[in-house]
1. Classify chain B: rounded, prolate or oblate, from the alpha-carbon gyration tensor (a ≥ b ≥ c, eigenvalue square roots; a/c under 1.5 rounded; otherwise prolate if a/b is larger than b/c)?
2. Let me spell out the model: positive unit charges on the Cβ of Lys and Arg, negative unit charges on the Cβ of Asp and Glu, origin at the Cα centre of the stretch A:109-268. What dipole size does that give, in debye rounded to 20?
3. Where does the charge balance sit around A:GLN208 when Lys and Arg score +1, Asp and Glu -1, over other residues with C-beta under 14 Å from its C-beta?
4. Among B:ILE237, A:ILE240, what is the fewest-to-most ranking by other Cβ atoms within 10 Å?
5. Can you compute the helix-only [θ] at 222 nm over chain B? Use -39500 (n - 2.57) per DSSP H run of at least 4 residues, normalise by all residues, nearest 500 deg cm²/dmol.
6. Going by how many other beta carbons lie within 10 Å of each one, how would you line up A:PHE245, B:PHE66, fewest first?
7. Within 9 Å, Cβ to Cβ, of B:GLN161, how many net charges do the neighbouring residues add up to if Lys/Arg are +1 and Asp/Glu are -1?
8. Explain nothing, just the number: dipole magnitude of chain A about its Cα centre with +1 on each Lys and Arg Cβ and -1 on each Asp and Glu Cβ, in debye rounded to the nearest 20.
2 protein chains.
Amino acid sequence: MKIIRTINEMTNKIKELSHETIGFVATMGFLHEGHLSLVRKAKEENDLVVMSIFVNPLQFGPNEDFEEYPRNEEQDTDIAEKAGIDVLFMPTVKEMYPEELAIKMTIEKGTDVLCGRSRPGHFDGVGTVLTKLFHIIEPNYAYFGLKDAQQFAIVHNLVRQLNFPLQVVGLPTIREADGLAKSSRNVNLSDRERAEAKQLYKSLQYAQKLLVDGIKNPDIIKAEVQKMLQKETNGIIDYIEILSFPNLGQISTIKEQIIIAVAVQFEQARLIDNILLQADGTKIDRL
Amino acid sequence: MKIIRTINEMTNKIKELSHETIGFVATMGFLHEGHLSLVRKAKEENDLVVMSIFVNPLQFGPNEDFEEYPRNEEQDTDIAEKAGIDVLFMPTVKEMYPEELAIKMTIEKGTDVLCGRSRPGHFDGVGTVLTKLFHIIEPNYAYFGLKDAQQFAIVHNLVRQLNFPLQVVGLPTIREADGLAKSSRNVNLSDRERAEAKQLYKSLQYAQKLLVDGIKNPDIIKAEVQKMLQKETNGIIDYIEILSFPNLGQISTIKEQIIIAVAVQFEQARLIDNILLQADGTKIDRL
């Protein structure tokens, strides 16, 4: 595995390595099973796989945890190497942002819903850093987890609307045996909370069943999900939303591809989960 | 010459045509000698040359002349073919903007000087359309005239800061025998104005001489240029500016690459011109 820290070296390396297609996995490091599932798919589908590890200051708000965000370069390098990454791109902040940007990218749609509502400017930073990384690495396919469905949707729309010459691939959320979405935050759950946490996905599966049964009114489905989560968990519901996908628009009746997403605040951990469905309730596993 | 009107066809054509490098000339059509000088250089330096003709609504203000902007597809096609263009990309507005953009690009530096001051939002539209065109055509080199030095500077900074995998090339202003910069607006000058108009470039050459002679204070040089233009023309001076280049920042003393730019309003035509200089006064002809 080649480790690269400068943009110049990276663009030269891409030119130098012969390849049919480049698969790209953008990360902020502290690699876990979620990242590795993206890498596995990237390796299956491409002959050159590049991973970036870059904690992007632009996507953290002034009161967010940029400084405290967990970093472990040695462990990440080890994991990336074992996963079969060909090129690991780990630039410094100074390398990526040597000067104040003269251009600002603002995501104007799909940001004031789901988790974006509480993180103004977050997706502007995501869009900017991905624009730079896509230009530096020139991947044919970029892999993202559908667990962060809003991020996937916004990146997907960015790439489509600005005609980036690549395809954004969304891959299914990796789950524990009982359905709980894997997350580094799960370790912060108490035993009782951990037992309850599986209800997030159960409530989404119940919502799917309602849709399959013919209930097309999102308000009715949301009310049922809310009832279930309130009954089965002690967490505080942050949101239950049903939106068109990937446009993330409000809908009054379900007649297109949708996302049903929930966020529940437990004592020490805020959990999110979602399910992507066709209008008839068929589950969508890859986008 | 292949004429292409859809994005899909364009990206496919690029993949299909074998080439070492792609040279790209972005235009709004109504082709003239200025465009052709860019094409000639693109042909010299690349084995595949693509031109786009697209009157981009995004870069026109609400009170500007998008509808009235001159168009002549038949004549342009003829000129492009004769000039040796390989692929002419002429998309419709609907093809380039099928829906409202979810992402807004805002140029935050270098826009409130020179001609940009009177065209708020103009360069945001330029940046957005060029981002799309660069992604669709994937050129190695994109050629722009230095007559519109502000546009060159902003595109140059956009490409550098967002790491587009291409090089922006700035080529010298094409001039009449007496030094007047070629422009489709020159035909609107009266005979007396046409005779006076050469003074724009003469005043810039005089400014260069002052710098070569060791005058590093931009205010002194601007005052001399102003005196000369007021004495030798009946036009109204819109601006005389000396800025760092390509950053377009204000400077108090000349110690880096600069632009000296003037705009003069005549009865029926507003003329602009500029000169790019090293700190020692050496003229810069290509960037």
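1. prolate
2. Details: 19 positive and 17 negative charges, 31 e Å.
Dipole magnitude for the stretch A:109-268 comes out near 160 debye.
3. Details: positive: A:LYS202, A:LYS209, A:LYS216, A:LYS222, A:LYS283; negative: A:ASP213, A:GLU224, A:ASP273, A:ASP280, A:ASP285.
Cβ neighbours under 14 Å give a net charge of 0.
4. Going from least to most buried by this count: B:ILE237, A:ILE240.
5. -11500 deg cm²/dmol
6. Least crowded to most crowded, the residues run B:PHE66, A:PHE245.
7. With Lys, Arg at +1 and Asp, Glu at -1, the net is +1.
8. Dipole about the Cα centre, nearest 20: 680 debye.
Coordinate-derived values only; no laboratory data. What you are looking at is a predicted structure, and each value in this text was computed from that prediction instead of being measured. Neighbour counts are summed over all protein chains in view; Cβ atoms, including those assigned to glycine, are modelled from backbone coordinates with ideal geometry.
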